[in-house]
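Q: The structure is given below, and queries will be raised subsequently.
Just so you know, all these numbers are worked out from the coordinates, no wet-lab data involved. Just so you know, these numbers come straight off a predicted model, no measurement behind them. Note: ideal-geometry Cβ built from the backbone for every residue, glycine included; neighbour counts use all protein chains shown.
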Amino acid sequence: MLISQVGNPDGSITVVAREGGDARAVRCVRSAYELVQDCIRSGRADLAAHVAALGFGPAVDLDAALAEGRLLPPLTHPDPSHLHLTGTGLTHLGSAATRDAMHQKAGAAEETLTDSMKMFRMGLEGGKPANGAPGVQPEWFYKGNGANLAAPGGALTSPFFAEDGGEEPEIAGIYVIGDDGTPFRVGFALSNEFSDHLMERRNYLYLAHSKLRPASFGPEIRIGEPPADIRGVSRIRRAGEVIFEKPFLSGEENMSHSFANLEHHHFKYALFRVPGDIHVHMFGTATLSFADGVRTEVGDEFEIEAPGFGLPLRNRLALEPTPPLARVDVRAL
């Protein structure tokens, strides 16, 4: 089952559930957030069963909603500061050729490895513990809160000081924290973990700066477990022409960490177990147009799709106008 949200002219939200080509409104809920909260509080372990128990209303044309710009992020919080955008890197093996190259480098002497390759090797050796115990912790980064969330079809806006604005096609885990602090996984979605790769390349200690950018996920959330082998496509269109197209791989068969290990190392912090909060956690990628020499331009459209995850995720690149110099008011209040 896939879950999405459509915005209506009166400001209300229609929650949509889809199986195959049959998309219908979910009855008795005003948002996907309310739907998930109701499911958690009802004690049902199965969100799809909870949706079925609520029942279905009229059919919804999701393709038309996407074309009309009415698709919202598939899960939103009434207070955007309670939605967290985070991610992990150095988690994916990539294509067969990339995987071989990584394994060869990971087998080199410790003193010759970069910090990134050391962390990648740590994931290879300890990112999928067999006994259910926590494995090695991954690289982790913060992207912002709901203020940095772009809707499907909306703009990913680079700040005026950005050196680059590039896509990162990823699978994201979507979570809501229950009243007792338990993280509940809603499902998985396509995501664009938009980043500044020139800034990151300048010095890896700029990683935190390079990640403080908008992100988008959806348009639909896939309920339940994801495939172990996810194969999608990432492309960029400029003036209607495809200038970049490449497959991307995800799912645990193509990762050096298990989802459970990545989830543990995120939610082990009490800060991320605040009741009612939403977490959109992006699990990483091995496919970037930047790595192939592409330099994006304002107006470029990113498109990410994968079978089983519903409608493609499309966003266009925009640039924030240069504001006046930011100054802090130092008067004693």
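Q: For the range 1-72, what does the alpha-carbon gyration tensor say about shape, rounded, prolate or oblate, given a ≥ b ≥ c as the root eigenvalues, a/c under 1.5 as rounded, and a/b over b/c as prolate? Provide the component values of the computation, followed by the final result.
A: On the way: a/c = 2.29, a/b = 1.57, b/c = 1.46.
Prolate is the answer for the range 1-72, as a/c is 1.5 or above and a/b outweighs b/c.
Q: Pairs of Cα atoms under 8 Å, at least six residues apart: use those to get the relative contact order of the chain, whole percent. Spell out each step's value before the answer.
A: Values: 747 pairs, mean separation 73.1, N = 333.
So the answer I get is 22 percent.
Q: Which one of Glu320, Glu253, Glu170 has the biggest mean-square fluctuation once the chain is modelled by GNM with Cα springs under 10 Å?
A: Between Glu320, Glu253, Glu170, it is Glu320 that shows the largest mean-square fluctuation.
Q: Is the chain rounded, prolate or oblate when judged by the Cα gyration tensor, a ≥ b ≥ c being the square roots of its eigenvalues, rounded requiring a/c under 1.5 and prolate requiring a/b larger than b/c? Don't skip to the end; give the middle numbers.
A: Working: a/c = 1.42, a/b = 1.24, b/c = 1.14.
Rounded.
Q: Amide H to amide H under 5 Å from Gly251: which residues, 5+ apart in sequence or cross-chain, H placed 1.01 Å off N in plane?
A: Close amide H contacts, sequence-distant or interchain: Ile230.
Q: Enumerate the lysines that Lys268 could reach by cross-link, defined here as Cα to Cα under 26 Å, with residues fewer than 8 away along the same chain left out.
A: Lys118, Lys128, Lys143, Lys211
Q: Can you give me the long-range amide H partners of Ser258? Hydrogens built in the peptide plane at 1.01 Å from N, cutoff under 5 Å, separation of 5 or more residues or another chain.
A: Sorted by chain and number, the residues that satisfy this are Lys128.
Q: Shifting gears a bit: Restricting to the chain, what percent of DSSP beta bridges are antiparallel, rounded to 5?
A: Details: 60 of 71 bridges.
Close to 85 percent.
Q: Among 214-223, 136-145, 322-331, 196-205, what's the highest-first ranking by average C-beta atoms within 10 angstrom per residue? Mind dumping the intermediate values first?
A: On the way: 214-223: 26.1, 136-145: 17.8, 322-331: 5.8, 196-205: 15.6.
Packing order, densest peptide first, comes out as 214-223, 136-145, 196-205, 322-331.
Q: Please turn the phi angles of the range 272-277 into ³J(HN,Hα) values with the Karplus equation 6.51 cos²θ - 1.76 cosθ + 1.60 (θ = phi - 60°), one per residue in order, whole Hz, x for glycine and proline.
A: Residue by residue, the range 272-277 yields 9, 10, 7, x, x, 6 Hz.
Q: Still on this structure, please answer the following. Tell me, what ³J(HN,Hα) does each residue in the range 144-156 have, in order and in whole Hz, if you take phi through Karplus 6.51 cos²θ - 1.76 cosθ + 1.60 with θ = phi - 60° and put x for Gly and Pro?
A: x, 10, x, 5, 9, 8, 9, 6, x, x, x, 8, 9
Q: Just to check I understand the Karplus step: with θ = phi - 60° and J = 6.51 cos²θ - 1.76 cosθ + 1.60, what whole-Hz values come out for the range 9-14, glycine and proline as x?
A: 3J(HN,Hα) across the range 9-14, in whole Hz: x, 8, x, 7, 10, 9.
Q: Computed FRET efficiency, Cβ-Cβ of Arg238 and Asp63, R0 30 Å: what is it to the nearest 0.05? Don't jump to the answer; show the numbers that get you there.
A: Working: r = 24 Å, r/R0 = 0.78.
Plugging the Cβ-Cβ distance into 1/(1 + (r/R0)^6) gives 0.80.
Q: Mind giving me the FRET efficiency for Ala208 and Ala228? R0 is 35 Å, r the Cβ-Cβ distance, nearest 0.05 is fine. Numbers along the way, then the final one.
A: Details: r = 31 Å, r/R0 = 0.90.
It comes to 0.65.
Q: A further question follows. What are the residues whose amide H is under 5 Å from the amide H of Ile243, where those residues sit 5 or more places off or on another chain and H is modelled from the backbone?
A: Correct list: Ile236, Arg237, Arg238.
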